[in-house]
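The values are calculated or read from the model by the stated rules, or taken from the named source; none is laboratory data. Remember, it's a predicted structure, so these values are computed and weren't measured experimentally. Here the Cβ is made from the backbone with ideal geometry for all residues, glycine too, and neighbour counts use every protein chain on show. Remember, those area values only see protein heavy atoms, side chains included, never the ligands or the DNA or RNA. Shrake-Rupley method; radii C 1.70, N 1.55, O 1.52, S 1.80 Å.
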Amino acid sequence: MAEMIPIKERMQRDQVQMPEQDPQIRGHNFNEVPTGYTKEMAIYEAQRCLQCTPPKCVEGCPAEVRITEFIQKIVEEDFAGSYFEILKTNNLPAVCGRVCPQETQCCETCVLNKKGKPIAIGRLERFVSDWARENGVHEKLPEIKKKGKTVAVIGAGPAGLVCAADLQKMGYDVTIFEAFHASGGVLVYGIPEFRLPKEIVRYEAGEIEKLGVKFETDFVAGKTKSIPDMAKEFNAMFIAIGAGAPRFMEIPGENLAMVYSANEFLTRSNLMKAYRFPEYDTPIKIGRKVCTIGAGNVSMDSARTALRLGAEVSHIVYRRSRKEAPARIEEIAHAEEEGVVLNFLTLPIKVLGDYETGEVTGMECIKMELGEPDESGRRRPIPVEGTNFIIEADMVIDSIGTLANPIVPRSAAALGVEINKWGYFVFDEETMQTTREGIFCGGDIARGAATVILAVGDGKKAARGIDKYLSSGNSLKESLNK
Amino acid sequence: MYKIVEREVLVPNIVHIKVEAPYVAQAAQPGQFVILRVDEQGERFPMSLADWDREKGTINIAFFVLGTSTMKLAALKEGDSILDCVGPLGNPTEIENYGNVLLACGCFGIGPTIKLAEALKEKGNKIISVMEARSKAYLFWQDRLRDVSDEFHVVVGDSSYGKKEWTNDFIQEYLRAGNKVDIIFAHGCPFMMMECSKASKPFGVKTIVSLTTIMVDGTGMCGSCRITVGEETKFACVDGPEFDGHEVDWDNLIMRQRRYIPQEYRSFSLWERDNWHKIMDVALYEKEKLLMMQQG
Ligand SMILES: Cc1cc2nc3c(=O)[nH]c(=O)nc-3n(C[C@H](O)[C@H](O)[C@H](O)COP(=O)(O)OP(=O)(O)OC[C@H]3O[C@@H](n4cnc5c(N)ncnc54)[C@H](O)[C@@H]3O)c2cc1C
Ligand SMILES: Cc1cc2nc3c(=O)[nH]c(=O)nc-3n(C[C@H](O)[C@H](O)[C@H](O)COP(=O)(O)OP(=O)(O)OC[C@H]3O[C@@H](n4cnc5c(N)ncnc54)[C@H](O)[C@@H]3O)c2cc1C
Ligand code: SF4
Ligand code: FES
């Protein structure tokens, strides 16, 4: 066990920096950028924690991770014990430790943040779960008493996986239905290898499978089977299909062959492994000068993937200013270090190119300035007349957000599941139940594109909601077969 | 894993397989397709449903052997399995009583057209069908289509079967001769469907085509399959695959269809170099099977 150090010294220590691959080198490979804490680094960082009661950090965590407990176990050098503490509330620790925006969650509320030195909670979470994976440490669960009731989970993204794990641990028999051939949702098809190795997603989904959850991949709910037909076979249902339908700018030239949606570009590269073409069959095209429209996490991922696939120049074009950019600060910093060029206050109005060959030659843009705040509270960007200019580009990636995919909502409508004007489900914040009893929802299809941890939080909340629904003797299939 | 229970070479470039896929078979409707992935390195690619058997839980696919993915598929024997098969995807054809329906088909469009003819016939439509092939030796399933048609025609692109003619020539002559046609369905390669649409346009006969754009997920998540119809962008996988052929921007479609040609060549030449023996293997296997059958 490492030593407990006096409070004063804890306050004096600085945050342990995360070792990273050099930007010059990593810009050309798909290996993970931050390489992770060593044992010594983790202990040194964990020792800084003040072990507050009640802990402020936990208030900022949608998955209510037992932060003080797991950090204390690191200090005690009981890494397995630390891992089990995390697993009590979160079945995707290696994922969350990597992709959660801790700076606006646990690290924001951490008391040490007042001095600008919050505990690096995510990095510690990552260290512990990586250690467990590398050392083959598995959760030992008490004998689960079966309840003899079944739940269908639609979508194997973070919301679906976590909800399934929680329900299975409570004694329900859960089947996950997933449209793709692999589980993980955005974690496997969206977020690139260099931020979240797919091996890790596969491992954590595999651990959930070991709990006894059944996986039906290659199953598009609403197509392979209708939602009403599926509902007739289960006692309850949880829908977590994400919000994966790409939006386009709707400007001229967007259907040229060298214009991609970020979803297509990233799915080809990540899920289909086009970055290893021709070893893998799925092709991908890459321009020499790539222009990505948008400044969210997805845009940063696209621009950085483009560099790794061989683009010489990778631009980001965003109509608002740096302050409004929705991407995590860390991701913008990583992109800039690798050489991504950020163009703020710039609105694309036309993609230029050859309609015969499909090639792109450039993008016409107009400069913007910030006006009065709009309904989102951000200052509204207004075009400045006469400032049109052309950015040279031979490939454009549209990354301006996603919408709800209507396949499931349309099929579920027959059961009285309502959607709002953006196509997302209407639901009860307390239980995550939709407007139809026995059908619950969560993640991006409930909130619009959000974050992994909010999806995890929803999955947990829905599991409790479903447990309550079923414990009171209700049943979806019975209510339908009546 | 989805097991191949039957396999036959229909004509020199088209292979027909029957695959165990109970969920798909249960839900399949005319006009729909599946997405396949042959092996771990494979790409996801769409195939129309040429037939299905709900009781046996099998689906049928007839495919044109073109590049890496279809070659990999052609190299599988009976008893081998396909890694992924997902569907049925896309919107089913709207089956109504239209009156006189002209069905134009060729190549891999023949199987799906037979299913469509059955469904339309049941609704009381008069079925006029026309099948095309580049030459007589490339025709297949004529009897099956003839059986469900009120009028049945064959056209071939050389002189091996009477007059040299394609489906679009047939449509033009048929309409010019004053025959009443309420709607046309065309299913085949993009070029054939484009020509059919062009042929029917002057006569104002609505022509539905089944588009074969490049797809990844097949569920509306990527936009790879997008095309211009009228002035709008549509996703072929979820808004289609059937569209009004007179509204489709064919130039845009064909341009987007050709997006990966250099990569496809490279992929195929590498695959072929290492795997050509697999094709020989299947040929030998089929020959032996035939011999065994002949010997009883
Ligand atoms: C490129 C990218 C980078 C991101 N980076 C971050 C980040 O750094 N940090 C962060 O917190 N968040 C990030 N996000 C957002 C985060 O990934 C999502 O908010 C989160 O994954 C939502 O989880 P979910 O379970 O609701 O849905 P998803 O992850 O979208 O999963 C939904 C699943 O449902 C399946 N599905 C859909 N329709 C059907 C159907 N009809 N039948 C069966 N299955 C179906 C899908 O195939 C998918 O597997 C990023 C998103 C993207 C696209
Ligand atoms: C809805 C739909 C139904 C189809 N039904 C059939 C069918 O029943 N029988 C049949 O033989 N073919 C069908 N196709 C076409 C078939 O998908 C392509 O021929 C096949 O993907 C070619 O792959 P390849 O690797 O063998 O050839 P490649 O050498 O990779 O490609 C040859 C050409 O096929 C097209 N293509 C390539 N990849 C894809 C892809 N992922 N998705 C779609 N097109 C692609 C491109 O135009 C390309 O230039 C259908 C396509 C669609 C969209
Ligand atoms: S708020 Fe910060 S210092 Fe306090 S327990 Fe949480 S991580 Fe430790
Ligand atoms: S194939 Fe991806 S949206 Fe149609």
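The table that follows gives values for the structure above.
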{"quantity": "Calculated from backbone phi, Karplus (6.51, -1.76, 1.60) coupling profile of segment A:170-183 in Hz, x at Gly/Pro", "calculated": "7, x, 8, 9, 10, 10, 9, 9, 10, 5, 6, 7, 9, 9"}
{"quantity": "Global form of chain B, assessed from the alpha-carbon gyration tensor, a/c cut-off 1.5", "calculated": "prolate"}
{"quantity": "Contact order relative to length of segment A:7-134, as percent, for alpha carbon pairs under 8 angstrom and 6 or more apart", "calculated": "28"}
{"quantity": "Hz values of 3J(HN,Hα) by residue in segment B:200-211 - Karplus curve (6.51, -1.76, 1.60), Gly and Pro given as x", "calculated": "8, 4, x, 8, x, 8, 3, 10, 9, 10, 10, 7"}
{"quantity": "Residues along segment A:178-192 losing 30 Å² or more of accessible surface when the other protein chains are present rather than the chain by itself (probe 1.4 Å)", "calculated": "A:Phe180, A:His181"}
{"quantity": "Aspartates and glutamates whose Cα lies under 17 Å from that of B:Lys163, excluding same-chain neighbours fewer than 8 positions away", "calculated": "B:Glu132, B:Glu173"}
{"quantity": "Heavy-atom accessible surface of segment B:100-210: percent carbon and sulfur, 1.4 Å", "calculated": "48"}
{"quantity": "Mean Cβ neighbour count within 10 Å, used as a protection proxy, ranking B:1-12, A:378-389, B:62-73 highest first", "calculated": "B:62-73, B:1-12, A:378-389"}
{"quantity": "Cα long-axis angle, helix B:261-294 against chain B (0 to 90 degrees, to the nearest 10)", "calculated": "80"}
{"quantity": "Test item: A:250-260 mean partner chain Cβ contacts at 10 Å", "calculated": "3"}
{"quantity": "Gyration tensor (alpha-carbon) shape descriptor, the protein assembly as shown, a/c threshold 1.5", "calculated": "prolate"}
{"quantity": "Where chain A is the region considered: accessible area per residue in Å², 1.4 Å probe", "calculated": "40"}
{"quantity": "Protein accessible area in segment A:7-134, 1.4 Å probe - carbon and sulfur %", "calculated": "51"}
{"quantity": "For segment B:100-210: relative contact order, % (alpha-carbon pairs under 8 angstrom, 6 or more apart)", "calculated": "30"}
{"quantity": "Positive-end extreme of charge dipole, the protein assembly as shown - chosen from B:Ala236, A:Gly222, A:Ser302 (charges on Cβ)", "calculated": "A:Gly222"}
{"quantity": "Charge-dipole axis of chain A as Lys and Arg at +1 and Asp and Glu at -1 on Cβ define it, positive-most pick from A:Leu167, A:Pro62, A:His181", "calculated": "A:Leu167"}
{"quantity": "Extension gain from A:Glu20 to A:Glu385, taking 0.36 nm per residue of separation minus the Cα-Cα distance", "calculated": "127.1 nm"}
{"quantity": "Distance between segment A:6-32 and segment A:308-374 - C-alpha centres, whole angstrom", "calculated": "28"}
{"quantity": "Label-point separation, A:Lys8 to A:Lys88 (7 Å along Cα→Cβ), nm", "calculated": "3.3"}
{"quantity": "Built amide H within the under 5 Å cut-off of A:Ile154, gap 5+", "calculated": "A:Phe177, A:Phe238, A:Ile239, A:Ala240"}
{"quantity": "Accessible area per residue in Å² at 1.4 Å probe, computed on segment B:100-210", "calculated": "41"}
{"quantity": "Reduction of at least 50 Å² in accessible surface, 1.4 Å probe, comparing all protein chains with the chain by itself, residues of segment B:218-264", "calculated": "B:Thr219, B:Met221, B:Cys222, B:Arg226, B:Met255, B:Arg259, B:Tyr260, B:Gln263"}
{"quantity": "Expected 222 nm ellipticity per residue - DSSP helices of 4 or more, -39500 (n - 2.57), all of the protein assembly as shown, to 500", "calculated": "-9500 deg cm²/dmol"}
{"quantity": "For A:Met395, distant residues with modelled amide H under 5 Å away", "calculated": "A:Lys289, A:Cys291"}
{"quantity": "Buried solvent-accessible surface, both chains (A, B), 1.4 Å probe, Å² to nearest 100", "calculated": "3700"}
{"quantity": "Cα-projected label distance for B:Leu291 with B:Glu6, points at 7 Å along beta-carbon direction, nm", "calculated": "2.5"}
{"quantity": "Gyration tensor verdict on segment A:1-145 (Cα atoms; rounded if a/c is under 1.5, prolate if a/b is larger than b/c, oblate otherwise)", "calculated": "rounded"}
{"quantity": "Under-5 Å amide H pairs with B:His153, H placed in peptide plane, nonlocal only", "calculated": "B:Ser129, B:Val130, B:Met131"}
{"quantity": "Segment A:154-224 versus segment B:175-236: alpha-carbon centroid distance in Å", "calculated": "37"}
{"quantity": "Rounded percent of accessible protein surface that carbon and sulfur make up, segment A:353-433, 1.4 Å probe", "calculated": "51"}
{"quantity": "Calculated from backbone phi, Karplus (6.51, -1.76, 1.60) coupling profile of segment A:280-290 in Hz, x at Gly/Pro", "calculated": "9, 6, 6, x, 9, 9, 9, x, 7, 10, 9"}
{"quantity": "Among the listed pairs A:Lys477/B:Lys56; A:Lys140/B:Lys3; A:Lys214/A:Lys461; A:Lys477/B:Lys126; B:Lys164/B:Lys289; B:Lys77/B:Lys126, those beyond 31 Å (Cα-Cα)", "calculated": "A:Lys140/B:Lys3; A:Lys477/B:Lys126; B:Lys164/B:Lys289; B:Lys77/B:Lys126"}
{"quantity": "Neighbouring partner chain Cβ atoms per residue of B:35-44, average, 10 Å criterion", "calculated": "5"}
{"quantity": "Where segment B:7-99 is the region considered: accessible area per residue in Å², 1.4 Å probe", "calculated": "35"}
